[in-house]
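Beneath this line is the structure, given in structure tokens, with notes to follow.
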Amino acid sequence: MMKKIDLLFRLISRFALLNLLWLGSSIIGLLILGFFPATVAMFSISRKWVRGEEDIPVISSFWSEYKKVFVKSNVFGWGVALIGGLLYVNYQIMLSLGTEPPFIVVLSYIFVVLLYFMFVVTLIPVAVHFEGGPLTILKRTFQFMAGRIHIAMLFMLLIWASVYMSLAFPTAILFFSGSVLSYMLMWFFTNSLKKLEVKQEKLKESFS
């Protein structure tokens, strides 16, 4: 019984530490430069935990990853943010016209925005899991979205639920909001890939 309690407290403290590292390093970078590398570093640690590397030194591993992805994550992050900003500007332009836009325009816009959000929530798990340049990461992100669209939609649901819970319980933002969410996303992402690999192996065997 005591071992289970000790394990639970170690688990809680581990997630709390990772979340504080995420928030702290984001603030150190004045959010503008710190948020994206801190988020990628947090997902990298969560990926290691999902893969069974539970005894890694969290602080040193986090900072090592933070420094390694600092430039790359900011380029990617601000590029994606720019696209989101353009979508928002487009929305404001449609509102300022004063006339109701055609239904097909509204439907197309909603579709594009949905694709954008699915891309955003899928990009970080893909970038953390796979190695490669920008084009490779973009290609793999779109491949995952197309092949596992239900997982991408699940990601959006989990993020919405996390934001809702954080607003309902503000202390969660400080200790658990990011770390628990990143672990859940990486868990579903990793297991989804494993299932996909099993299906591909079965297909190969059936044709061999």
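The values are calculated or read from the model by the stated rules, or taken from the named source; none is laboratory data. In this text, all values refer to a predicted model and were calculated from it rather than measured experimentally. Positions of Cβ are generated from backbone atoms using ideal geometry, with glycine treated the same way; all protein chains shown enter the neighbour counts. Heads up: the accessible areas ignore ligands, DNA and RNA and are worked out on the full protein's heavy atoms, side chains in. Shrake-Rupley method; radii C 1.70, N 1.55, O 1.52, S 1.80 Å.
Of the GluC sites (Glu not before Pro) found in the stretch 12-72, the ones in coil according to DSSP and having at most 16 other Cβ atoms within 10 Å of their Cβ are 53, 54. Please give the Cα centre distance for the stretch 1-24 versus the stretch 97-124, rounded to the nearest Å. Result: 39 Å between the Cα centres.
By the scheme Lys and Arg +1, Asp and Glu -1, what is the net charge of all other residues having a beta-carbon under 13 Å from that of residue 42?
Charge balance near residue 42 sits at +2.
On a per residue basis, the chain carries 64 Å² of accessible surface, using protein heavy atoms and a 1.4 Å probe. Quick one: grab the alpha carbon gyration tensor of the stretch 6-124, order the square roots of its eigenvalues as a ≥ b ≥ c, and give me rounded if a/c is under 1.5, else prolate or oblate depending on whether a/b is larger than b/c. Prolate, because a/c is 1.5 or more and a/b exceeds b/c.
Can you tell me the alpha carbon radius of gyration of the chain divided by the globular rule-of-thumb value 2.2 N^0.38 Å?
Working: Rg = 19.3 Å, N = 208, 2.2 N^0.38 = 16.7 Å.
Scaled against compact globular proteins, the figure is 1.16.
Helices assigned as whole DSSP H runs in the chain whose Cα atoms extend at least 18 Å along their own long axis and whose mean Kyte-Doolittle hydropathy is 1.6 or higher are found at 103-129, 149-168.
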